[in-house]
Amino acid sequence: RYEPTWGSLDARPLPAWFDEAKFGVFIHWGVFSVPSFGSEWFWWYWQKEKREPYVKFMEVNYPPGFSYEDFGPLFTAEFFDPNQWADILKASGAKYVVLTSKHHEGFTLWGSKYSWNWNAVDVGPKRDLVAELATSVRNRTDLHFGLYHSLFEWFNPLFLEDATNAFKTRKFPTSKSLPELYEIVTKYQPDIIWSDGNGNAPDTYWNSTGFLAWLYNDSPVRDTVVTNDRWGVGSICTHGGFYTCSDRYNPGHLLPHKWENCLTIDRSSWGYRRDARLDDYLAIEDLVKQLAETVSCGGNLLMNIGPTRDGRIAVVFEERLRQMGAWLKVNGEAIYGTKPWRAQNDTVTPGVWYTFSPKEGKVNAIFLDWPISGTLELGEPRAKLGETQVKLAGYKELLKWVALGEKGIVIALPQLTPKQLPCQWGWTLQLTDIN
C-alpha cells in the first residue's frame, strides 16, 4: 500500500500501457468555447488583467453588464455527437484521450453535485458531456479515457478567501476541489487524471498526497490509472506519475523519467478561437516532427484540439487528426511500444530520430526530409555485412546499403514518384541485425 507521502507515491511503477501508447489527444472544451476569442483564459484576461483586446471585444459585441456567467447558457453543444468524436479519435491513431472535465473557470462538464448551477447538466447543454464521451470512446475504440481537472478556480470565493489567508484555511479544497476529484474517479473511472492549476498553493493545501494514496490503493482504477505532476507548487517535474514540466515541453534529449509533451495544434490557444488564421495552426509536418522527437526521447505526445461551443470538432482539427492517423498506419511500428535507442538523433544527418522496437529487435530511423541525392547517410548504426537488413516502412523490397567503416551506413532509397511514396510527411527505415 502507498503512504500519503511523495517518497511512497513516487515509487509506484507507472502502468505499462501509458509508455506503450505514445500518442494521445487533449480536448479543451468549456464555457470559454462560447466567446471563443483569444484564449481559454478569456475570463481572467478580460476581468482580472483587463487586457485591451478582451475588454474591447466585450464592449463591441455584448450589452453592458454582461457577465462571464451569462456565457453559460450559450454553451449549447447542439451538434455534439460523441460517436462521431470517438470515430475521429480512433482514426487519429491516438491510444488515449484527455477531456477537460473542469477548467480554471470552475464549470464542470458533468452534473457535479459540488458545482451547483455551474455545470453542463444544469446550464447550457443540459447533458452529461463527460459520461457521453466516455461511453462512446469505450464502446467504439480501444483508447484509454482520461480526464483533466483544474485544482483551483480563478474567481471562486472560497478559493479567494483561502488565498487571502495564505492558504492556512482549506475551505475550497475540502468542499469543492477534492470532492470533485473523488466524484469523477468513482463515476467515470478514468485511466488518466491530468491535474492542473495549483493556484500558487502547495500540495499540502490541496491534500494531493492523500488523494493520490486513495487513488493508487483503493480507487476503482488503482491498477490502471496514471497521473501527471501538477499537484501543487513545487511538484511539477519532481513528483507524481509522468512529468509534464511545462506546456509544449520538448527537451530534445533523453530524460530518465517518463514524460509527456502536451501541445496545441493552434499555436496560441488551447480552447477554440473563431479568430484563428490558417498559419496559426501547426501543419502535419510540424506534428509528425514533434511526435518523432518526443517518442525518441522517451516521451508521449498529447496533441490538443478545441471544439466549438456547439460541439463540433472544426474541420482543420479533424484533418490534422486524420493525417496523423494515416501517418501512423504506415509508421506506427516505429512509435507504439518502442523504447529509446542508445542514440536519439543522428550525428551526421539532421532530422533523423531513432526508436527501438524490443520485440522485433529493430532499430527505427525516422527521417523527416527525403534526400535529393536518393541516398541517406546515417552516422549512428553499426551494420554487419551479410546480416543487417534495411526496409522502408510501407515498401515491400529490401534496400541496398553500404557500411562506412566501424560506424555509419549509407542507404540507397528506392526511386519513387510522389504517388508511390508510402506516406507524405516523414518516413521510417527499419534496420534489423544492427550491432
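The values are calculated or read from the model by the stated rules, or taken from the named source; none is laboratory data. Just so you know, these numbers come straight off a predicted model, no measurement behind them. Here the Cβ positions follow ideal geometry from the backbone for every residue, glycine too, while neighbour counts run over all protein chains shown. These area figures cover heavy atoms from the full protein model, side chains too; ligands, DNA and RNA do not enter into them. Shrake-Rupley method; radii C 1.70, N 1.55, O 1.52, S 1.80 Å.
Some points to look at:
- Apolar share of the accessible surface for the chain: 52 percent from carbon plus sulfur atoms, 1.4 Å probe.
- Candidate values (1) 26.3; (2) 31.6; (3) 22.5, label of the one derived for mean projected area of the Cα convex hull in nm²: (3)
- Scaling the Cα radius of gyration of the range 325-421 by the globular reference 2.2 N^0.38 Å produces a ratio of 1.05.
- Whether the range 193-330 is rounded, prolate or oblate, judged on the alpha carbon gyration tensor where a/c under 1.5 counts as rounded: prolate
- Computed helical MRE - 222 nm, the chain, DSSP H runs ≥ 4 contributing -39500 (n - 2.57), nearest 500: -7000 deg cm²/dmol
- Taking the range 112-227 and dividing mean pair separation by its residue count, relative contact order in percent (alpha carbons under 8 Å, at least six apart): 28
- Of interest is the spacing of the C-alpha centroids, which for the range 370-427 and the range 148-162 amounts to 54 Å.
- Lysine pair count for the range 110-194 [Cα-Cα under 20 Å; pairs on different chains or 8 or more apart]: 7
- Shape category assigned to the range 53-119 from the gyration tensor of Cα positions, a/c cut at 1.5: prolate
- As an equivalent ellipsoid, the range 246-309 spans semi-axes of 25, 12, 8 angstrom, where each value is the square root of five times an eigenvalue of the C-alpha gyration tensor, largest first.
- Under the criterion of Cα pairs below 8 Å and six or more residues apart, the relative contact order for the range 365-427 equals 41 percent.
- Relative contact order, percent, the range 293-435 [alpha-carbon distance under 8 Å, six or more residues apart]: 23
- Cα gyration tensor, the range 60-185 - rounded (a/c under 1.5), prolate or oblate: oblate
- Average accessible surface area per residue within the chain, 1.4 Å rolling probe, Å²: 42
- Kirkwood-Stokes translational diffusion coefficient of the range 116-243, alpha-carbon pairs, 4 °C, 1.567 mPa s, µm²/s: 83
- Computed from the C-beta positions of Leu74 and Glu406 and an R0 of 51 Å, the FRET efficiency is 0.15 to the nearest 0.05.
- Left without a cysteine partner by the 4.7 Å Cβ rule in the chain: Cys262, Cys297, Cys423.
- Tyr2 accessible area, assembled protein chains, probe 1.4 Å, Å²: 60
- Considering only the range 191-330, percent of DSSP beta bridges that pair antiparallel, nearest 5: 10
- For the range 272-392, the spread of Cα positions along the three principal axes, ordered from largest to smallest, is 60, 33, 21 Å.
- Taking the Cα centre of the range 1-49 as reference, the dipole from Cβ charges on Lys and Arg (+1) and Asp and Glu (-1) amounts to some 80 debye.
- Top positive-direction residue, dipole computed over the chain with Cβ charges, set Gln344, Leu178, Phe155: Gln344
- Placing a label point 7 Å from the Cα of Arg248 along the Cα-to-Cβ direction, the residues of the range 254-277 whose backbone N falls under 15 Å of that point are 261-271, 277.
- Placing +1 on each Lys and Arg Cβ and -1 on each Asp and Glu Cβ, with no other charges, gives the chain a dipole about its Cα centre of roughly 540 debye.
- Of Asn217, Asn261, Asn250, the one that fluctuates the most in a GNM where the chain has Cα springs shorter than 10 Å: Asn217
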